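Read the structure below first, then the notes.
The values are calculated or read from the model by the stated rules, or taken from the named source; none is laboratory data. Please read all numbers here as calculations on a predicted model, not as lab measurements. Heads up, the Cβs are rebuilt from the backbone with ideal geometry, glycines too, and the neighbour counts pull from every protein chain shown.
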Amino acid sequence: MEPIIRTRDLTRRFDSLTALDHLNLEIAPGEIFGLVGPDGAGKTTTLRLLSGLMDPSEGQAWVAGHDVAREARAVKDRVGYMAQRFGLYADLTVEENMEFYADLFGVTVHERRELTPDLLRMTRMEPFGNRRAGQLSGGMKQKLALMCTLLHRPEILLLDEPTNGVDPVSRRDFWTILYQLMKDGTTIFMTTAYLDEAERCNRVGLLHQGVLVRCDSPEAVKGTLPTLEAAFVELIRKADAS
């Protein structure tokens with residue numbers, strides 16, 4: 001099976017700083033892949049490169065069979081990108097925010113009337129359709145951001161630390177939604193700083209100072225060590241020593 005996301009020596013520099021250093025990755029269709037690393041590791045840069053929001057300094061990336069640099073429009077039609085600070089409008093209600101993003105994505109009236117109730121039901125946000133976004137809890141705002149990202153039915157979701165700062169119950173609900181999306185065939189590429197979330201992914205990649213140190217299943221990464229955290233600490237120690 002052809003990978004739905006593939007990178008070859010993908011690199012991004014900002015003057016003298018190399019934010020991402022020759023990243024080579026292959027993501028299978030329908031996979032949940034977690035890119036893990038501390039702040040400044042290059043996680044957000046990776047997502048921005050894959051979504052076509054940023055040009056690489058070197059290397060290439062292909063998403064859904066399209067070269068991201070040369071076929072950016074085709075990539076954007078197939079990808080849903082949820083940034084850490086998604087642009088919700090606090091004075092608009094949940095449904096008004098969804099209408100706004102449906103207009104941006106060019107979703108037809110028929111499609112949005114069919115999809116909006118399904119998204120509200122899936123996220124358990126049906127009772128809050130008329131509540132202003134500014135009055136939502138952190139977890140509800142993230143669910144709304146996800147619904148807006150899903151309005152054009154993307155094949156691939158790029159999620160930048162989607163549960164950062166969210167309460168445990170909302171994190172659990174969010175993961176229930178992600179697993180349902182995966183069952184429906186959506187490929188999910190997410191970044192996270194939570195190692196317990198990394199354990200829920202099919203595969204994880206450890207990014208350290210822009211370099212992919214290890215990429216495998218959570219079980220394989222742990223190896224003989226008792227926890228994923230211990231494995232990552234050891235991998236970073238070896239990376240710093242080399």
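Restricted to region 83-94, and to residues there that are modelled with pLDDT of 95 or more and crowded, with 17+ Cβ neighbours inside 10 Å, the residue that is farthest from the chain's Cα centre (by Cα) is Thr93.
Out of all the residues in region 175-190, is one or more in contact with a helix residue (DSSP H, G or I) (Cβ under 6 Å, 6 or more places away or on another chain) and small (Gly, Ala, Ser)? Within region 175-190 (the criterion being in contact with a helix residue (DSSP H, G or I) (Cβ under 6 Å, 6 or more places away or on another chain) and small (Gly, Ala, Ser)), the answer is no, since none of the residues qualifies. The residues of region 49-97 that are among the aliphatic types (A, V, I, L, M), in a loop (DSSP other than H, G, I, E, B) and touching a residue at least 24 places away in the same chain (Cβ under 8 Å), listed by number, are Leu53, Met54, Ala64, Ala83, Leu88, Ala90, Leu92.
A quick yes/no check of all residues on (1) touching a residue at least 40 places away in the same chain (Cβ under 8 Å); (2) charged (D, E, K, R); (3) touching a His at 6+ places or on another chain (Cβ under 6 Å):
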position	(1), (2), (3)
Asp167	no, yes, no
Thr176	no, no, no
Thr191	yes, no, no
Gly223	no, no, no
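For Ala145, the test of being among the hydrophobic types (A, V, I, L, M, F, W, C), assigned to a helix (DSSP H, G or I) and under 25 Å from Trp175 (Cβ atoms) is passed.
Among residues of region 17-30 that are at positive phi, those with a Cβ under 9 angstrom from a residue that is part of a strand (DSSP E or B) and among the charged types (D, E, K, R), sequence gap 6+ or separate chain, pair up as His22/Arg8; His22/Asp9; His22/Glu58. Of the set (1) modelled with pLDDT of 95 or more; (2) surrounded by fewer than 21 Cβ atoms within 10 Å (Cβ to Cβ), all apply to Trp175 but (1). Checking the structure you have, find out if any residue of region 118-138 is touching a residue at least 12 places away in the same chain (Cβ under 8 Å), in contact with a strand residue (DSSP E or B) (Cβ under 8 Å, 6 or more places away or on another chain) and in a strand (DSSP E or B). Yes, because at least one residue in region 118-138 is touching a residue at least 12 places away in the same chain (Cβ under 8 Å), in contact with a strand residue (DSSP E or B) (Cβ under 8 Å, 6 or more places away or on another chain) and in a strand (DSSP E or B). If the condition is being surrounded by fewer than 19 Cβ atoms within 10 Å (Cβ to Cβ) and within 19 Å of Leu159 (Cα to Cα), then region 106-121 contributes no residue at all.
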